[in-house]
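Colleague: One structure, pasted below without further comment.
The values are calculated or read from the model by the stated rules, or taken from the named source; none is laboratory data. Quick caveat: nothing in here was measured; it's all calculated off a predicted structure. We place every Cβ from the backbone using ideal geometry, glycine too, and count neighbours over all the protein chains shown. To get the accessible areas, we keep the full protein, side chains included, count just its heavy atoms, and leave off ligands, DNA and RNA. Shrake-Rupley method; radii C 1.70, N 1.55, O 1.52, S 1.80 Å.
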Amino acid sequence: MPAPAAISVRPAALRAVVVGRAGYDLYSAQPGQPLDQVRRFEAGLGGSSANIAVGLARLGWRVSLGAAVSADAVGRFIRARLAAEGVHLGALQTVAGHTSSMCLTEIAPPDGAEQVFYRCRPADEQLRWTRALQAELRAAHGGLFLTNGTSLCALPSRATTLRALAAARHAGLTTVLDVDYRDSSWPSSAAAGRAAWAALPLVDLVLANEAEMRLLAAAGRRPGSDRVARALLARGAQVVVCKQGAAGVVAYSAGGRIRRPAAATPVISTVGAGDGFAAGFLDAFGRGQPLAACLERGSASAAWVVARVGCAEAMPFPADLAPQPGAARIVV
């Protein structure tokens, strides 16, 4: 399906449908301790798709999450936390016989952040196409549709995600792919790159870090971030954002390339920074802000997240992103 002539979100809509992974995170309650020595943890909502959904909801969006969770106490925890954040759950599925993914995270600022993922028969891979998901997509006309690369890792979630991308495009939503590579979800990095590359004709806006750009570069046989970004634009994407950590962030579009530097900021945990950037960037984009302002908003949101422990629970509210004189920001 061809890309629309120009991507735009109606500011009056501020509606989003997010499809992908919702999980259970356990954060070390003993900062500075290596993960193999930690005895106490604090539970929180996780999963990139859930984190971004919460981030947008906190910034004033009407967000529906299409995800699959386990039919157990962990699944009920995820459902309850999403509901408490105001995320709409009409398209959330419960799957018996499968487990919600779990992640254990070390808190050892500024450099340590070891994570261990547990994904045994993960429920999120069982996401299926439903009338409820179709209805949410139709109702969000003029808004955003976002999915994460992890939802492409297996069937039936891969087929559901591709169908949702096509349906979102047909319903007039701006489609977004956050590549979100997690090696625990894939047989190889090459498989992840090929799956993301195959989805690109349905994608308007691509979010990726440098490692994920390399995955796309390998899949498209276009070495280098600049060359693969141009290839993504030629393949149908209209904006490509490459997050470069301490080096800042680069956005590519038909209008050229925009770079924003990173700035020093106190860091407690970098886990969730990319999801925070996505929420802030997309909030500004959906409100019709110029691309440079979207990068600034994403950077401010990421800076808020890295100064705290947690992912979904660390996402900022609008007042948290109000400019502060002399405040340092980080771009991820």
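Colleague: Just to be sure, is Arg260 within 21 Å of Asn148 (Cα to Cα) and open to solvent by 30 Å² or more (accessible area, probe 1.4 Å)?
Modeller: No.
Colleague: Any chance the range 274-287 includes a residue that's in contact (Cβ under 8 Å) with a residue 12 or more places away in the chain and either part of a loop (DSSP other than H, G, I, E, B) or open to solvent by 50 Å² or more (accessible area, probe 1.4 Å) (or both)?
Modeller: Yes; the residues of the range 274-287 include at least one that is in contact (Cβ under 8 Å) with a residue 12 or more places away in the chain and either part of a loop (DSSP other than H, G, I, E, B) or open to solvent by 50 Å² or more (accessible area, probe 1.4 Å) (or both).
Colleague: I've got another one for you. On the basis of being surrounded by fewer than 21 Cβ atoms within 10 Å (Cβ to Cβ), part of a strand (DSSP E or B) and at pLDDT below 95, does Arg227 make the cut?
Modeller: no
Colleague: Condition first: open to solvent by 70 Å² or more (accessible area, probe 1.4 Å), part of a loop (DSSP other than H, G, I, E, B) and basic (Lys, Arg). Now tell me which residues in the range 100-135 satisfy that.
Modeller: Selection gives Arg121, Arg128.
Residue-wise test of (1) open to solvent by 10 Å² or more (accessible area, probe 1.4 Å); (2) under 24 Å from Phe277 (Cα atoms); (3) assigned to a strand (DSSP E or B).
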{"position": "Thr150", "(1), (2), (3)": "no, yes, no"}
{"position": "Thr161", "(1), (2), (3)": "no, yes, no"}
{"position": "Ala166", "(1), (2), (3)": "yes, no, no"}
{"position": "Thr175", "(1), (2), (3)": "no, yes, yes"}
{"position": "Tyr181", "(1), (2), (3)": "yes, yes, no"}
{"position": "Ser184", "(1), (2), (3)": "yes, yes, no"}
{"position": "Ala191", "(1), (2), (3)": "yes, no, no"}
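Colleague: Go through (1) in a helix (DSSP H, G or I); (2) open to solvent by less than 10 Å² (accessible area, probe 1.4 Å); (3) closer than 16 Å to Leu146 by Cα; (4) of a type outside the set (Asp, Glu) for Ala57 and report which single condition fails.
Modeller: Of (1) in a helix (DSSP H, G or I); (2) open to solvent by less than 10 Å² (accessible area, probe 1.4 Å); (3) closer than 16 Å to Leu146 by Cα; (4) of a type outside the set (Asp, Glu), only one is false for Ala57: (2).
Colleague: If you don't mind, another one. Mind checking which pairs have a first residue in the range 80-92 that is without any contact (Cβ under 8 Å) to a residue 60 or more places away in the chain and on the phi > 0 side of the Ramachandran plot and a second that is outside any loop (DSSP other than H, G, I, E, B) and surrounded by 19 or more Cβ atoms within 10 Å (Cβ to Cβ), Cβ under 6 Å, 6 or more apart or different chains?
Modeller: Final answer for the pair search is Gly86/Ala57.
Colleague: Sticking with this structure for a sec: Here's a check for you: in the range 204-218, which residue that is over 14 Å from the mean Cα position of the chain (by Cα) and open to solvent by less than 30 Å² (accessible area, probe 1.4 Å) is farthest from Ala278 (Cα to Cα)?
Modeller: Among residues in the range 204-218 that are over 14 Å from the mean Cα position of the chain (by Cα) and open to solvent by less than 30 Å² (accessible area, probe 1.4 Å), the one farthest from Ala278 (Cα to Cα) is Ala217.
Every residue, every condition in (1) touching a Gly at 6+ places or on another chain (Cβ under 6 Å); (2) over 15 Å from Val18 (Cβ atoms); (3) not aromatic (Phe, Trp, Tyr), yes or no:
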{"site": "Ala57", "(1), (2), (3)": "yes, no, yes"}
{"site": "Trp61", "(1), (2), (3)": "no, no, no"}
{"site": "Leu65", "(1), (2), (3)": "no, no, yes"}
{"site": "Phe77", "(1), (2), (3)": "no, yes, no"}
{"site": "Gly86", "(1), (2), (3)": "no, no, yes"}
{"site": "Gly97", "(1), (2), (3)": "no, yes, yes"}
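Colleague: For the range 134-182: of the residues being among the charged types (D, E, K, R) and in contact with a Phe, Trp or Tyr (Cβ under 9 Å, 6 or more places away or on another chain), which is modelled with the highest pLDDT?
Modeller: Arg163
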